[in-house]
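No value in this document is a laboratory result; all are computed from the given coordinates. Computed from a predicted model, the values in this text were never measured in an experiment. Here Cβ is always computed from backbone atoms with ideal geometry, including for glycine, and neighbour counts include all displayed protein chains.
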Amino acid sequence: MEAVIRTAGLTKVYTTGEVQVQALRGVALSVGRGDFAAIMGASGSGKSTLMNILGCLDYPTSGEYYLDGVRVNTLDRNQLAAIRNQKIGFVFQGFNLLTRTSALENVELPMLYSRNHKQESPRLLARMALERVGLADRMHHHPNQLSGGQQQRVAIARALVNQPALLLADEPTGNLDTRTSQEIMNLFGELNRLGMTVLLITHERDIAECARRIIEMRDGEIVSDHPPKKKEVSGP
């Protein structure tokens, strides 16, 4: 399987005065095209640091990182921002929508910063993305007119609109109730079945179990990488 993410010997050291904290310790990770993986770990495990590096938001102290075939850790800040906008669609816990603009205008936003978006109308592409996440009838609503689950669907549509190589979701159900969380995870599963590569960061076991692969971190290292447990089916 072709790798969208490939790291080798990835380390991250934070220095505060004379104190050094090693947040990542030689992480080797591969996420293939079309994979659906969840990275789990307690606070301080290194998962947020790893997400920042995989999302091209920070540099590793040492090691190699290839994103969709591009060696990322040697890029300057402008190149890093360009590949981040081109290759990654982000979904965050807090939705990060502009409150005074419609769902449609929120989804159009990434195309204003993209040098590579297709020649079709940005509005048409935004409409198609909202239809893909089941919000065709809410595209002219503002965020305060939408439920939490609907706002997260808008955020997912915005992440998809530039057709990224990777959908990177950081605690995407953290502000949602259980039922809505399951609906959002079902949407991620459907997008993955249609070919989207999804990498999910979470501390919730039941959310991670929705992925096809669970990567667990502890003290800056990957300690296990396994498929989710099969849910037991109760008898008649």
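Rank by packing, highest mean first: peptides 215-222, 77-84, 148-155, with packing defined as the count of other Cβ atoms within 10 Å averaged across residues. Mind dumping the intermediate values first?
Numbers: 215-222: 19.6, 77-84: 14.2, 148-155: 22.9.
Highest-to-lowest ranking by the protection proxy: 148-155, 215-222, 77-84.
Once you place label points 7 Å from the Cα toward the Cβ at LEU124 and GLU2, how far apart are they in nm?
Spacing of the two 7 Å Cα→Cβ label points: 2.6 nm.
Choose one of GLN151, VAL198, LEU109: the residue whose Cα lies farthest towards the positive end of the charge dipole of segment 3-223 (beta-carbon charges +1 Lys, Arg; -1 Asp, Glu; about the Cα centre).
Working it through, the farthest residue towards the positive pole turns out to be LEU109.
Give, in nm to one decimal, the length gained when the segment between ALA136 and LEU109 is fully stretched (0.36 nm per residue of separation minus the Cα-Cα distance). Could you put the intermediate results ahead of the total?
Values: separation 27, 0.36 × 27 = 9.72 nm, distance 1.75 nm.
Gain in length upon complete extension: 8.0 nm.
Among TYR14, LEU124, LEU57, whose Cα lies farthest out toward the positive end of the dipole of segment 3-223, if unit charges sit on the beta carbon of Lys, Arg (+1) and Asp, Glu (-1)?
LEU124
Can you give the charge dipole size of the chain about its Cα centre, rounded to the nearest 20 debye, using +1 on the beta carbon of Lys and Arg and -1 on the beta carbon of Asp and Glu? Please list the in-between numbers first.
On the way: 27 positive and 25 negative charges, 92 e Å.
I would put it at about 440 debye.
If you take every DSSP beta bridge whose two residues both sit in segment 3-223, what share of them, in percent to the nearest 5, is antiparallel? Provide the component values of the computation, followed by the final result.
Numbers: 19 of 37 bridges.
Beta bridges within segment 3-223, antiparallel portion: roughly 50 percent.
Compute from the Cα atoms of the chain the Rg and the Dmax, the latter being the longest Cα-Cα distance, and quote both in angstrom.
Cα-based Rg and Dmax for the chain come out at 18.1, 63 Å.
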